[in-house]
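Everything on this sheet refers to the single structure shown next.
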Amino acid sequence: MTITRLALVGSPNCGKTTLFNALTGLRQKIANYPGVTVEHVEGHVDLGNGAKVALIDLPGTYSLDPLSPDEQVTLDALRGHLDGIGTPDGVVIVADATTLRRSLPFVGEVLHQRLPSILVVTMIDELKARGGALKLDVLQAELGIPVVGVVGNRGIGLDDLKHELGQPGKWPAPPDHMPSEIVSRFIWADAILDKAVVPPREDRGWTDKLDKIVLHPILGLNLFALVMFLFFQIVFVVAAPLQDLMEAMVVGLGELLRTALPDGLIESLLIDGLFGGVGSVVVFVPQIALLLLMIAFLEGSGYMARAAFVIDRVMGWAGLEGRCFIALLSSYACAIPGIMATRAVPDPKSRLATIMVAPFMTCSARLPVYVLFISAFIPETRVGGVVNLQGLTMFGLYLLGSVSAMIAAVIFKRGVLRGQTYPFYMELPPYRMPTAKVVFNHVSRGVRAFLKKAGTIILVASIAIWALLHFPQVEPPAEIANDEAAVRAYQIEHSAAADIGRVLEPAIAPLGFDWKIGIGLIASLAAREVIVATLSQIHAYTGDEEDLDGLGERMRAAKRADGTPAYPLPTVLALLVFYVYALQCVSTLAVIRRETGTWRWAAIAFGYMFAVAYGGAFVTHEVASIWL
Amino acid sequence: MGVRSREWSRGPHVGVKTMASWKAFALTALHAAPSHAEGAGGLLLRSVAEEDAGAGASVLQGLLTGQRRAPDTTQVGVMALHKARPGSTVEIVDVQANGDLALVQRLMALGFVPGTRVVVRRRAPLGDPTEYALRGARISLRKREAALVTVRGLDG
C-alpha cells in the first residue's frame with residue numbers, strides 16, 4: 001500500500017513550515033522572512049489512529065509561473081515532476097489570514113490545477129488582534145473545498161486539520177469554473193472575501209511603530225550598523241568566559257586520562273590527537289551557540305527582511321538585490337545555508353555572483369580561529385573607555401569579509417556575470433517574537449552540525465596531524481632525554497610534518513608564516529578549524545606546568561629557534577586576513593559544485609579566494625611590519 | 001494634446017504585447033467589440049480612470065463592453081507608481097512592462113492589479129526601494145518595477 005502524499009503550497013512566509021513542523025514533529029528551519037524554505041522536505045503526519053500521511057513542505061511562491069529555482073520546485077511538485085514523488089494525492093494550500101486579499105487569488109490558481117485540495121488559513125490570532133474576523137464556513141461554502149483555521153506555532157486547530165488530512169479522498173473536487181486569468185482571479189477572490197472577511201485594520205500596531213525607527217532614513221542606517229557591531233562585541237564579551245571554562249574542562253579531562261593511561265603512543269594519540277586536537281575546537285561551542293542565537297533572533301523577528309530593505313540600494317549598485325543580501329547574511333552562520341538560500345534569487349547571474357562571494361562572509365568556522373588569535377595576541381584594552389578592542393578587531397574582520405564580498409560581487413556582476421537586472425520585490429512581514437522552540441532548534445541544529453564536523457572531518461584531520469607530528473619516531477639526544485618538553489620539541493622538529501612544512505616554507509615566508517603555520521594551513525584545507533587543532537597539538541600542554549594555561553597562553557610563550565616570539569603581531573594579523581579570504585572548506589566547495597552544476601565554479605572560487613588571501617596576507621604583513 | 005496622442009499611440013501597441021497572456025480576455029473583448037480588441041491595456045487604463053468606484057469589477061466591465069476612449073495621462077493625479085509621494089493613497093489603473101509578460105504577471109500576483117488601493121508607506125533610507133501597503137501585505141519595489149504600475153491619486 002502506498003502512503004497518501006499531500007503537498008503544502010502557499011505564498012512565501014505564510015507559515016507553511018511552522019505548520020509542517022507542528023504536524024510532523026520535524027524541526028525544519030523557520031524564520032520570519034520570505035523564502036526560508038528552498039527545497040522540498042517530506043515528513044510523516046501521525047493522524048492519531050495509527051494512520052499516517054506523508055506531507056511535503058514546498059518553497060513558498062506567489063504564483064505558479066516560477067521566476068526562481070525554489071519556485072520551480074513547487075510547480076514541479078504539483079505537476080508530479082519531482083524525482084521520486086509522483087503527483088500528490090492532495091494539496092494543502094496555506095494562506096495567511098491577514099493577507100487573504102493578496103493570497104486568495106493564488107488559492108484560485110492552485111485550484112485551477114484540479115487536484116483535491118484543502119485550504120488552511122494560518123495566523124488567525126494576528127487577524128483577530130488587528131480587529132479582523134474570518135467566517136470559515138462562508139469561505140468554505142464559497143470555495144467549495146474544506147477550510148480549516150489554525151495558529152500553527154501554538155497548535156490551535158491542528159486536530160481538525162489532522163482529521164481532514166486523513167481523508168483526502170473525501171475532499172470535494174475543486175469547482176471547475178475557476179477563473180483562468182489573473183485579473184479575473186482577483187475579482188473572484190475579492191467577491192468572496194467581501195462576504196467572508198471583516199478586514200483587519202491596515203495599521204499594524206507596534207510593527208509600524210518599530211518600523212518608524214528601524215526604517216528611518218537616519219536612525220535606520222545607524223541602527224543597522226549598531227546591530228552588526230553589537231553582534232560581535234557580544235560574541236566576544238559574553239562568550240569568552242564560557243570558553244575559558246570549556247577549555248579548562250577539556251584540559252582537566254585530558255590530565256585525568258594522562259594519569260590513568262600508561263605512557264606511550266596510545267596515550268599520546270588519545271591525549272594529543274583527540275583531546276588536544278578535537279577538544280581544542282569543541283571548546284568554541286559557546287561562541288558558536290551565541291552567534292547562532294543572535295542570528296536566530298535577527299531572522300525570526302523579521303529584522304532580516306528590514307536589513308535587506310535598508311541595504312537594497314547598495315546591493316542595486318552592485319547589480320544584486322535584497323534577497324542576495326539575505327543569503328549573504330545567512331552566511332554568517334555558515335556559507336552552506338547561505339549558498340542554498342540563493343535559490344530564492346530569480347536572476348541566475350545574480351544568484352551565481354552571490355554564490356561566488358558568499359564564502360567571504362565570515363562563517364562560524366572562522367570563529368575559533370579568530371577567537372584563538374585575537375584573545376591571545378590582541379590586548380583586552382578598552383577603546384574610548386567602553387569598546388573592547390578584541391571585539392572591535394573581530395568586528396573589523398567581519399567587516400573586511402562583508403565589504404570584500406560586496407566588492408567581489410560588483411566585479412563579478414559587472415564583469416563575467418553581466419546581465420539584465422531582474423525585478424526586485426520583497427514582502428516585509430510583521431515583527432514577530434520568535435518562539436523559544438524555534439530559536440532552540442536553530443541553535444541546536446547549528447551546534448550539532450559543528451559537533452558532527454568535529455567528530456568527522458576535524459577528527460580525521462587531527463589524527464592525520466598527530467601521525468605526521470609523531471612519525472618517524474626519533475631518538476632524542478642524551479642531554480635532553482630528561483626534559484619532556486625538549487624531547488617533544490625535538491620530535492616535532494624531526495617529524496614528517498616538519499619535512500612537509502619546510503618544503504612549503506619559502507612560499508609562505510613572505511607572509512611571516514613559519515612551517516608550523518604552514519602545516520596548519522594545509523590541514524585546514526579540509527575545514528578552517530583544523531588549524532586550531534593543529535596548533536593545539538604543536539603547542540601541546542606537556543603536563544609539566546603548574547597551572548593549566550590555555551592554548552593562547554602557550555602560543556604567546558612560544559619562541560622560534562632564534563629566540564624571537566613564534567607569533568609576532570604582523571604574522572598574527574596576516575594570518576587573520578588570510579582566514580578572512582581563503583576558502584578552506586571542502587563542504588562549501590561541494591555545495592558550490594552542486595548548486596552550480598559544475599566543478600568549474602568551485603575551482604574558480606577556490607582559486608580566486610586563495611589568491612586574494614595570499615595577496616591580502618602579504619600586504620598586511622608588510623604594512624604591519626613597518627607600522628608596528 | 002501632442003503628449004496625449006503619443007501616449008495613446010504607444011498605449012495599445014504596448015498593451016497588445018504585454019497583455020499577450022490575456023488571450024482569454026482579448027478574445028472575450030473581441031467577441032463583444034471586434035474592432036476594439038487591440039487595446040486591452042489602454043482599455044484598462046481608461047475604464048478605471050473613468051469609473052469612480054474603480055473596483056476590479058468595473059475593469060472587467062470595461063473590457064467586456066469594449067468601451068474605448070484615449071487614456072488621459074495628463075488627467076489630474078494619473079502617474080507612475082514610483083512618482084507617488086510617500087504617505088499618499090493611490091489606486092492602480094494599469095500594469096505594463098514593455099513586453100515582459102512574466103514581470104507583469106508577477107506584479108499582479110503580488111496584488112498590483114487594476115482597482116487595488118495602494119498606500120505609499122516610505123522610501124528606504126537610501127531612496128530606493130519603496131514600501132507599499134496593499135491587500136493586507138507590505139511589498140517593497142524598486143523604482144524600476146514601480147514605474148511599470150500606473151496609478152491615480154485618491155487623496156488630492
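Coordinate-derived values only; no laboratory data. Just so it is clear, the model here is predicted, and its values are computed rather than measured. A quick note on method: Cβ atoms are made from the backbone with ideal geometry, for glycine too, and the neighbour counts reach across all protein chains shown.
What order do you get for A:H163, B:H82, A:H621 when you list them from fewest to most C-beta neighbours inside 10 Å?
Details: A:H163 14, B:H82 20, A:H621 25.
The fewest-first ordering by Cβ neighbours comes to A:H163, B:H82, A:H621.
Please work out whether region A:1-144 counts as rounded, prolate or oblate from its C-alpha gyration tensor, where a ≥ b ≥ c are the square roots of the eigenvalues and a/c under 1.5 means rounded, while otherwise a/b larger than b/c means prolate and anything else oblate? Mind showing how you got there, number by number?
On the way: a/c = 1.38, a/b = 1.27, b/c = 1.09.
Rounded, because the longest to shortest axis ratio a/c is under 1.5.
Which value, in debye to the nearest 20, describes the size of the charge dipole of chain A about its Cα centre when Lys and Arg Cβ atoms bear +1, Asp and Glu Cβ atoms bear -1, and nothing else is charged?
On the way: 50 positive and 57 negative charges, 373 e Å.
Charge dipole of chain A: 1800 debye, to the nearest 20.
How far is the Cα center of region A:375-389 from the Cα center of region B:85-147, in Å?
Here the answer is 48 Å between Cα centres.
Quick one: divide the alpha-carbon radius of gyration of region A:470-517 by 2.2 N^0.38 Å and tell me what you get. Mind dumping the intermediate values first?
Working: Rg = 12.6 Å, N = 48, 2.2 N^0.38 = 9.6 Å.
Ratio of Rg to 2.2 N^0.38 Å for region A:470-517: 1.32.
List every residue whose amide H lies under 5 Å from the amide H of A:S117, counting only residues 5 or more places away in sequence or on a different chain, with H placed 1.01 Å from N in the peptide plane.
Amide H neighbours of A:S117: A:V91.
Across the residues of B:113-126, average count of Cβ atoms on other protein chains within 10 Å?
Partner-chain Cβ atoms within 10 Å, mean over residues of B:113-126: 5.
Once the Cα gyration tensor of region A:238-285 is found, what semi-axes does its equivalent ellipsoid get, as square roots of 5 times the eigenvalues, in whole Å, sorted largest first? Can you show the working numbers first?
On the way: eigenvalues 109, 23, 4 Å².
After scaling each eigenvalue by five and taking roots: 23, 11, 4 Å.
Projected onto the charge dipole of chain A (+1 at Lys/Arg Cβ, -1 at Asp/Glu Cβ, origin at the Cα centre), which of A:Y370, A:L6, A:A561 gives the Cα projection farthest towards the positive end?
A:L6
Considering only DSSP beta bridges where both residues belong to chain A, give the percentage that are antiparallel (nearest 5). Display every interim value, and only then the final one.
Numbers: 13 of 31 bridges.
Expressed as a percentage, antiparallel bridges in chain A total about 40.
What is the distance in Å between the Cα centres of region A:1-21 and region A:259-289?
First find each Cα centre; the distance between them is then 44 Å.
Note the direction-averaged projected area, equal to a quarter of the hull surface, for the Cα convex hull of region A:358-515, in nm². Before the final figure, lay out the partial values.
Details: hull surface 71.0 nm².
Over all viewing directions, region A:358-515 projects a mean Cα-hull area of 17.7 nm².
Tell me, what HN-Hα J-couplings in whole Hz come from the Karplus equation 6.51 cos²θ - 1.76 cosθ + 1.60 at θ = phi - 60° for each residue of region A:75-89, using x for Gly and Pro?
Per-residue couplings from phi come out as 4, 4, 5, 5, 7, x, 9, 6, 4, x, 10, x, 4, x, 6 Hz.
Compute the Rg to Rh ratio over the protein assembly as shown from the alpha carbon atoms, using the Kirkwood formula for Rh, and round to two decimal places. Intermediate values should be presented prior to the final figure.
Numbers: Rg = 30.5 Å, Rh = 29.0 Å.
Here Rg/Rh amounts to 1.05.
Please compute the average number of Cβ atoms from other chains found within 10 Å of each residue's Cβ in peptide A:178-185. Intermediate values should be presented prior to the final figure.
Values: counts 0, 1, 2, 7, 10, 13, 9, 4.
Taking the mean over all residues of the peptide, I get 6.
Using θ = phi - 60° and the Karplus curve 6.51 cos²θ - 1.76 cosθ + 1.60, what whole-Hz ³J(HN,Hα) does each residue of region A:450-456 get, with Gly and Pro shown as x?
5, 5, 5, 5, 4, x, 10
Taking θ = phi - 60°, what integer Hz values does the Karplus form 6.51 cos²θ - 1.76 cosθ + 1.60 yield along region A:270-280, in sequence order, with x for Gly and Pro?
Using θ = phi - 60°, the values come out as 5, 7, 7, x, 7, 5, x, x, 5, x, 5 Hz.
Starting with the fewest neighbours, write out A:I378, A:I218, A:I355, A:I156 ranked by other beta-carbon atoms found within 10 Å of each beta-carbon. Each step should come with its number before you reach the end.
Working: A:I378 20, A:I218 8, A:I355 26, A:I156 14.
Ascending number of Cβ neighbours within 10 Å: A:I218, A:I156, A:I378, A:I355.
Does region A:512-628 come out rounded, prolate or oblate, given a ≥ b ≥ c as the square roots of the eigenvalues of its C-alpha gyration tensor, rounded meaning a/c under 1.5 and, failing that, prolate meaning a/b above b/c? Provide the component values of the computation, followed by the final result.
Details: a/c = 3.37, a/b = 1.60, b/c = 2.10.
Cα axes put region A:512-628 in the oblate bin.
Pull up all non-local amide H partners of A:L64: gap of 5 or more, or a different chain, and H-to-H distance under 5 Å with H placed in the peptide plane.
none
Show log10 I(q)/I(0) for region A:90-192 at q = 0.17, 0.18 Å⁻¹, two decimals, from a solvent-free Debye sum over equal Cα scatterers.
Here the Debye-derived log intensity ratios amount to -0.75, -0.84.
Enter the Cα centre distance for the pair region A:405-435 and region A:156-204, rounded to the nearest angstrom.
33
Of the GluC sites (Glu not before Pro) in region A:1-71, which ones lie in a loop per DSSP and count no more than 15 other C-beta atoms within 10 Å? Could the numbers behind the result be given before it?
Details: sites: A:E39, A:E42, A:E71; in loops: A:E39.
Hits after loop and neighbour filter: A:E39.
Could you list A:F606, A:F618, A:F424 in order of exposure, starting from the residue whose Cβ has the fewest other Cβ atoms within 10 Å? Spell out each step's value before the answer.
Working: A:F606 20, A:F618 17, A:F424 25.
Least to most surrounded, the residues fall as A:F618, A:F606, A:F424.
Return a whole-number percent for the relative contact order of region A:77-120, with Cα pairs under 8 Å and 6 or more residues apart as the contact set. Mind dumping the intermediate values first?
Numbers: 41 pairs, mean separation 18.2, N = 44.
So the answer I get is 41 percent.
Among A:V45, A:P379, B:N98, which residue has its Cα furthest toward the positive end of the charge dipole of the protein assembly as shown, with +1 on Lys/Arg Cβ and -1 on Asp/Glu Cβ?
B:N98
Which whole-number percentage describes the relative contact order of region A:335-415, with Cα contacts under 8 Å and a sequence gap of 6 or more?
On the way: 55 pairs, mean separation 28.5, N = 81.
Reported relative contact order: 35 percent.
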